[in-house]
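*Asks:* I am attaching a structure below and will ask some questions about it afterwards.
The values are calculated or read from the model by the stated rules, or taken from the named source; none is laboratory data. The structure presented is a predicted model; accordingly, all values stated were derived computationally and were not measured. Neighbour counts are summed over all protein chains in view; Cβ atoms, including those assigned to glycine, are modelled from backbone coordinates with ideal geometry.
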Amino acid sequence: MPDQARTHIIIVNYNAGDWLKRSLDSALRFSDGAVTVVDNASTDTSVKLAQAEIQDSRLSWQLNDENLGFATANNQVLGQIESEFAILMNPDCELNESSIRPILEAMDSDSRIGLASGRICNEDGTMQATCRRRFPTPWTAFVRLFGLKKLFPNSPKFADFDYGVLDHGSLVSSDVALDSSKSSQEIENVEAISGAFMCARMSAVKEVGLLDEAYFMHCEDLDWCKRFELAGYKVAFVPDSKLVHAKGVSSRSRPIRVLYTLHKGMNRFYDKFYKNEYSLVLRVIVKLGIVASFFARALLALVRR
């Protein structure tokens, strides 16, 4: 049985337009397992277009009457599948022949890898820094906000969320947290990966639990990575795995709503994992920082529109 038959791909769609068909085509072409699309009450023609042009016995659909959010929609399928691995994939992702197999080989090599992802690239081939990152803490948020990493690029004290990016197998942005003696093609244990494309070991999911449905969209992937870590599982970045992610296709028509859910998710992540680690003064500063970040980014989004 081919390796890919051990997987079940879940694609949560919301107004992805032509990208849904493109994503589905690649999922069915480069995997041998089941593929389920959960549509969160899209108002565009993405579902109609894909259903009219794609017919495959491995493909199933769940059409929600309302937008239930990313976590809840994925859980509708995660709670039912019986495959060895579940792959959560955004509708603006496109797979190729090197997307899935390296991930499965990595997870087969170490049973403690509970979550894994690969090199998620923009359409021009450049790597998205968010495909491997650290957990946001009050300090790393401060470092990112004031650009301290650029001022002190060689100091581990001023590292922010990103590990740095890889381009053609080499590090583009230096990062002292990485071991420079290691080949860029080696599997890395990282703190967090991106929910745009992530493979979960289902035996670990049964122990860790499903996605936290209190997150509507954004930060549920960070939450899951944190919970896998707390349960003793590894989160892996597999650079031999590559795919394209158009990024933000479903959210372009509602940028303020997306920013609101992002910052609401940041607030929940902080309260859930860090609230009891810091003083009242720092907690207040963090909350004010989240609010200020939302209004600043929302204003910028309005100006750009």
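*Asks:* Considering only segment 6-27, state which residues are touching a strand residue (DSSP E or B) at 6+ places or on another chain (Cβ under 9 Å) and either surrounded by fewer than 22 Cβ atoms within 10 Å (Cβ to Cβ) or among the charged types (D, E, K, R) (or both).
*Replies:* ARG6, TRP19, ARG22, ASP25, SER26
*Asks:* Against the conditions (1) modelled with pLDDT of 95 or more; (2) outside any strand (DSSP E or B), where does CYS199 fall short? Just the number, please.
*Replies:* With respect to (1) modelled with pLDDT of 95 or more; (2) outside any strand (DSSP E or B), CYS199 is out only on (2).
*Asks:* Still on this structure, please answer the following. Just need a number here: residues in segment 6-48 that are over 14 Å from ALA246 (Cα atoms), of a type outside the set (A, V, I, L, M, F, W, C) and more than 20 Å from the chain's Cα centre (by Cα).
*Replies:* 11
*Asks:* Follow-up. Output the number of residues of segment 216-267 satisfying the condition of being touching a His at 6+ places or on another chain (Cβ under 7 Å) and among the small types (Gly, Ala, Ser).
*Replies:* 1
*Asks:* Kindly check whether there is at least one residue in segment 10-19 that is aromatic (Phe, Trp, Tyr), part of a helix (DSSP H, G or I) and within 24 Å of CYS225 (Cα to Cα).
*Replies:* no
*Asks:* So, of the residues in segment 253-305 that are without any contact (Cβ under 8 Å) to a residue 60 or more places away in the chain and not in a helix (DSSP H, G or I), which turns out to be surrounded by the most Cβ atoms within 10 Å (Cβ to Cβ)?
*Replies:* Only one residue tops the list, namely ARG254.
*Asks:* Which of the residues that make up segment 1-55 are of a type in the set (Lys, Arg) and over 13 Å from ASP92 (Cβ atoms)?
*Replies:* Of everything in segment 1-55, those that are of a type in the set (Lys, Arg) and over 13 Å from ASP92 (Cβ atoms) turn out to be ARG6, ARG29, LYS48.
*Asks:* Moving on to the next point. Given the options PHE30, PHE85, PHE70, name the one that is aromatic (Phe, Trp, Tyr), buried (at least 16 other Cβ atoms within 10 Å of the Cβ) and over 17 Å from SER194 (Cα atoms).
*Replies:* Of PHE30, PHE85, PHE70, the one residue that is aromatic (Phe, Trp, Tyr), buried (at least 16 other Cβ atoms within 10 Å of the Cβ) and over 17 Å from SER194 (Cα atoms) is PHE30.
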